[in-house]
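The next block holds one structure in the form of structure tokens; read it before the comments.
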Amino acid sequence: MTPVIVVVGSLNMDFVVAVEHLPAPGETVLGSNFQMIPGGKGANQACAAGRLASSAIVRMAGRVGYDIFADHLKASLAAAGVDVAAVAATRSQPTGVAFIWVDRRGQNSIVVASGANYSLAAADVEGLAATFEGARFALFQLETPLPAVHAALALAQRKGARTILDPAPAQPLSPELLRAVDILTPNEIEACALLGRTPTRIGLDEAEDIAKALLALGSKSVVLKLGDQGCFYSDGTERIHSVGFEVESVDTTAAGDTFNAALAVALSEDMPMERALRFANAAAAISVTRIGAQASIPSRKEVNEFISTRF
């Protein structure tokens with residue numbers, strides 16, 4: 001059967017400006033190269049899954065407003081082959097937007113006005129039952145209300161889908177929610193937030209202990225995303241360090257989203273975990289060499305060629 005991947009989450013229109021350095025509080029900086037690019041962590045993951053999958057059906061569930069941004073966001077997803085039938089419009093809020101500053105090193109600072117994304121309620125989730133029919137994997141993030149995320153995770157499990165949660169934006173999460181997660185994929189900041197620690201760089205020598213502490217919170221497995229160090233996987237028994245790829249970063253926006261989508265695509269195609277992590281690392285590495293969210297996401301052909309030149 002053709003694998004089905006469902007993404008539940010946010011859709012935002014991103015307003016991206018290049019700056020020499022990120023502004024300090026009270027500082028005004030001059031920007032350049034303004035772009036308006038479809039984004040939102042949920043939509044980014046759906047777009048990436050659509051571009052990277054060789055045969056999977058990808059479905060997106062979320063909320064937008066009644067405005068021109070909604071039309072652009074749905075059109076971008078549809079162009080990537082994503083089914084947007086479960087992206088509903090609400091008159092109570094405008095479509096979500098994000099304001100993104102990207103410095104010359106590729107680091108970014110983001111402010112999100114969630115808008116319609118926060119109109120997705122737990123009570124709406126049962127109406128998504130048909131969207132989850134046949135799903136092998138379901139992807140989630142935290143730019144929609146936590147009760148809705150929790151309800152959707154539970155629905156995904158009832159429908160037999162494996163769940164992947166990107167715990168971003170960083171925040172503490174309940175054990176009840178985390179027990180519904182099959183694969184938790186925090187970056188270093190998010191891992192520290194989940195563990196109640198001060199945000200810090202995580203070295204490879206610490207990765208196994210951090211992963212063990214994260215597993216104790218409730219998820220069945222963890223992929224700790226370590227930037228240029230690659231990622232570290234643990235399910236309590238199997239442990240894998242997948243090395244990163246050396247590239248020149250210009251914008252890290254959507255790198256994590258691309259990673260998660262690529263991981264789901266690879267696993268839905270029954271790749272072994274080690275190979276799936278390499279595929280996800282490669283897709284994310286390509287994305288940071290380009291400006292923007294969905295604009296930076298590579299195709300399946302690009303990822304395959306990228307890997308073939310390095311192995």
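The values are calculated or read from the model by the stated rules, or taken from the named source; none is laboratory data. Every value quoted in this text rests on a predicted model; they were computed, and no experiment measured them. Positions of Cβ are backbone-derived with ideal geometry, glycine not excepted, and every protein chain shown enters the neighbour counts.
Summary of values
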read-out: Which numbered condition residue 92 fails, given (1) small (Gly, Ala, Ser); (2) at pLDDT 95 or above; (3) surrounded by fewer than 21 Cβ atoms within 10 Å (Cβ to Cβ); (4) touching a Gly at 6+ places or on another chain (Cβ under 9 Å); value: (2)
read-out: Any hit, segment 153-163, residues being touching an Asp or Glu at 6+ places or on another chain (Cβ under 7 Å), in contact (Cβ under 8 Å) with a residue 40 or more places away in the chain and not in a loop (DSSP other than H, G, I, E, B); value: yes
read-out: Failed item in (1) surrounded by fewer than 24 Cβ atoms within 10 Å (Cβ to Cβ); (2) of a type in the set (S, T, N, Q); (3) not in a loop (DSSP other than H, G, I, E, B), with residue 171 passing the rest; value: (3)
read-out: Residues of segment 129-150 that turn out to be in a helix (DSSP H, G or I) and either surrounded by fewer than 22 Cβ atoms within 10 Å (Cβ to Cβ) or without any contact (Cβ under 8 Å) to a residue 24 or more places away in the chain (or both), as a count; value: 5
read-out: Restricting segment 235-253 to residues that are touching a Gly at 6+ places or on another chain (Cβ under 6 Å) and not in a strand (DSSP E or B), the residue that is surrounded by the fewest Cβ atoms within 10 Å (Cβ to Cβ); value: 243
read-out: Considering residues of segment 30-76 that are free of Cβ contacts under 8 Å to residues at least 40 places away in the same chain and part of a loop (DSSP other than H, G, I, E, B) only, the residue farthest from residue 123 (Cα to Cα); value: 30
read-out: Conditions (1) touching a helix residue (DSSP H, G or I) at 6+ places or on another chain (Cβ under 6 Å); (2) among the β-branched types (Val, Ile, Thr); (3) without any contact (Cβ under 8 Å) to a residue 40 or more places away in the chain; number of the one not met by residue 189; value: (1)
read-out: Scope segment 214-234; condition surrounded by fewer than 17 Cβ atoms within 10 Å (Cβ to Cβ), without any contact (Cβ under 8 Å) to a residue 40 or more places away in the chain and under 21 Å from residue 153 (Cα atoms); matching residues; value: 216, 220
read-out: Cβ pairs under 6 Å, 6+ apart, first in segment 235-246 and polar (S, T, N, Q), second at pLDDT 95 or above and outside any loop (DSSP other than H, G, I, E, B); value: 242/231; 242/277; 242/278; 242/281
read-out: Residue satisfying all of: in segment 94-124; of a type in the set (Val, Ile, Thr) and touching a residue at least 60 places away in the same chain (Cβ under 8 Å); farthest from residue 21 (Cα to Cα) among these; value: 95
read-out: Residue that is surrounded by the fewest Cβ atoms within 10 Å (Cβ to Cβ) [pool: residues in segment 80-89 that are small (Gly, Ala, Ser) and within 24 Å of residue 291 (Cβ to Cβ)]; value: 81
